[in-house]
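A quick write-up on the structure given underneath.
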Amino acid sequence: MTIKSRICEVFGIKYPIFLAGMGGAANPKLAAAVSNAGGLGVLGAAACTPNQMRRWIQETRELTDKPFGVDTLLPMSVRGGGNLKQNQGKNPADLVEDYQEMAKEFMNEHGLKMIEADRKPTEIESVGLFTKEFFEEQMEVVIEEKVPVYAAGLGNPAPWMERLKANNTKTMTVVGAVRHTVKVSSAGVDAIVAQGHDAGGHNSPIGTMALIPQVVDAANGIPVLGAGGISDGRGIAAALMLGAEGVWIGSAFLASEEAGIYKHQKQAIVDATEEGTVISRSITGKPARIIRSAWTDFWERSIHDPLPMPFQSAVAGSVLASADADERQDINPGFAGQGIGMIKSVRPAEEIMSDLVEGMEKTLLESKKWL
Ligand SMILES: Cc1cc2nc3c(=O)[nH]c(=O)nc-3n(C[C@H](O)[C@H](O)[C@H](O)COP(=O)(O)O)c2cc1C
């Protein structure tokens, strides 16, 4: 069945199904597998150093001759220096050491060893993860590498649009509210992702089902992809019914053989039900949907709020690294959306894609039964 969607025409793909840019998880193998299966694989390059990102782009080009994308974050709060403002009388940068002490106590309580001291300084540490300079250096690579598609997972790519368009890079941006839609539509993006509250990772307070049609109405004719909690073909068909012309799917691809997450995290997804996630600022400092863990519970109980981006990453970093080294699903099960209750096993991405396509086609055909 041919799906008549502008998304397929604009992005040169067979099915209007995008692998969402998921930091680290959406790696070259996974992105290439989705592109090769007729969707569009988007690299989750948000935490990649500029050199890592260049390597990932080259690796993806070796694995597929189909279009693919790169996703990074461009949060205004960081790019505008907003997070360096005084926070309850204190600069968050001055609180990092105290917070790292709290993290150490948490680690002791949970039998985690500090492994950060053994690590050699990385490129990330020299640039400063999630700082303004970090995001800007990433954009230089996106432009130099002339990638087929660029997705801004947070924020507005307007300052880079002229150079991206000159390279014929298709651009898209993720929004969680109508007011963001209005801003990014005037930047001239090729598609807008309406990502609702059900989604894994940084997300919106508005539920997916209510958000999609409202973003479609505000998008000024720009095609919209629906996102958040879509984990099977029925969800894709529903997003199309709500006015989206494609979908941006994350969690359903996390339990794939290719995904760049740990085995214990893939198992956490298979084990979880639809009730298994919470919204927490405990990882990046921004509200994100994540599988509930001892680390999210710790911040839920704490009298202190997590620090804003980019400072909370410096607090959570050693806890998560240590949890991963010990395969601790109870401490770092990872980000995931509310659709994970539908995920029953870890499979090759190609198989996940073909189930999504088959389920979408079946649901669309069956929808005639209502008339
Ligand atoms: C593990 C994980 C990591 C994510 N990392 C990013 C990211 O780096 N950049 C981004 O734009 N969105 C990120 N997201 C959000 C996804 O791009 C996407 O919007 C979301 O997964 C859609 O909801 P779903 O997981 O319910 O399909 C992440 C989501 C997950 C589950």
Worksheet item: Hey, among the residues in segment 41-55 that are more than 13 Å from the ligand (Cβ to nearest atom) and not basic (Lys, Arg), which one's surrounded by the fewest Cβ atoms within 10 Å (Cβ to Cβ)?
Response: 51
Discussion item. Given the criteria away from the ligand (no atom under 16 Å from the Cβ), surrounded by fewer than 23 Cβ atoms within 10 Å (Cβ to Cβ), modelled with pLDDT of 95 or more and closer than 30 Å to residue 102 by Cα, does residue 294 qualify?
Written reply: yes
Worksheet item: Mind checking which pairs have a first residue in segment 355-371 that is on the phi > 0 side of the Ramachandran plot and a second that is assigned to a helix (DSSP H, G or I), Cβ under 8 Å, 6 or more apart or different chains?
Response: none
Item to complete: Working only within segment 1-21, note down all residues that are at pLDDT 95 or above, out of contact with any Lys or Arg (no Cβ under 9 Å at 6 or more places or on another chain) and among the hydrophobic types (A, V, I, L, M, F, W, C).
Response: 7, 17, 18, 19, 20
Discussion item. Would you confirm whether or not segment 167-176 contains a residue that is at pLDDT 95 or above, small (Gly, Ala, Ser) and away from the ligand (no atom under 13 Å from the Cβ)?
Written reply: no
Worksheet, complete the sentence: Across (1) more than 20 Å from residue 204 (Cα to Cα); (2) within 16 Å of the chain's Cα centre (by Cα), residue 293 clears everything bar (2)
Discussion item. Given the options 14, 29, name the one that is surrounded by fewer than 21 Cβ atoms within 10 Å (Cβ to Cβ), within 13 Å of residue 354 (Cα to Cα) and more than 10 Å from the ligand (Cβ to nearest atom).
Written reply: 14
Worksheet entry | Residue list for segment 276-290, restricted to those being away from the ligand (no atom under 11 Å from the Cβ) and either in a loop (DSSP other than H, G, I, E, B) or crowded, with 24+ Cβ neighbours inside 10 Å (or both) | 276, 281, 282, 285, 287
Worksheet, complete the sentence: Of (1) closer than 24 Å to residue 278 by Cα; (2) surrounded by 22 or more Cβ atoms within 10 Å (Cβ to Cβ), residue 210 fails just (2)
Item to complete: Would you check which residues across segment 225-260 are part of a loop (DSSP other than H, G, I, E, B), of a type in the set (A, V, I, L, M, F, W, C) and near the ligand (Cβ under 7 Å from one of its atoms) and list them?
Response: 230
Response to the item:
Among residues of segment 191-224 being away from the ligand (no atom under 16 Å from the Cβ) and assigned to a loop (DSSP other than H, G, I, E, B), the residue nearest to residue 253 (Cα to Cα) is 223
Item to complete: Could you give me the residue pairs with C-beta distances under 7 Å whose first residue belongs to segment 179-207 and is closer than 12 Å to residue 152 by Cα and in contact (Cβ under 8 Å) with a residue 40 or more places away in the chain, whose second residue is assigned to a loop (DSSP other than H, G, I, E, B) and away from the ligand (no atom under 12 Å from the Cβ) wherever it lies, and which are 6+ apart or on separate chains?
Response: 191/222; 191/223
Item to complete: Check 162, 140 and return the single one that is in contact (Cβ under 8 Å) with a residue 24 or more places away in the chain and out of contact with any strand residue (DSSP E or B) (no Cβ under 6 Å at 6 or more places or on another chain).
Response: 140
Worksheet item: How many residues does segment 315-348 contain that are among the small types (Gly, Ala, Ser) and either within 23 Å of residue 21 (Cβ to Cβ) or within 13 Å of the ligand (Cβ to nearest atom) (or both)?
Response: 8
Worksheet item: If you go through segment 286-302 one residue at a time, how many are touching a residue at least 60 places away in the same chain (Cβ under 8 Å) and either out of contact with any Gly (no Cβ under 9 Å at 6 or more places or on another chain) or aliphatic (A, V, I, L, M) (or both)?
Response: 8
Practice prompt. State which residue pairs qualify: first residue touching a residue at least 12 places away in the same chain (Cβ under 8 Å) and part of a loop (DSSP other than H, G, I, E, B) and inside segment 333-348, second residue more than 10 Å from the ligand (Cβ to nearest atom) and hydroxyl-bearing (Ser, Thr, Tyr) in any location, beta carbons under 9 Å apart, and separation of 6 or more residues or different chains.
Written response: 333/293; 334/262; 334/293; 346/256; 348/256
Worksheet item: Which one of these is out of contact with any Ser or Thr (no Cβ under 6 Å at 6 or more places or on another chain), small (Gly, Ala, Ser) and either at pLDDT 95 or above or not in a loop (DSSP other than H, G, I, E, B) (or both): 24, 38?
Response: 38
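The values are calculated or read from the model by the stated rules, or taken from the named source; none is laboratory data. In this text, all values refer to a predicted model and were calculated from it rather than measured experimentally. Here Cβ is always computed from backbone atoms with ideal geometry, including for glycine, and neighbour counts include all displayed protein chains.
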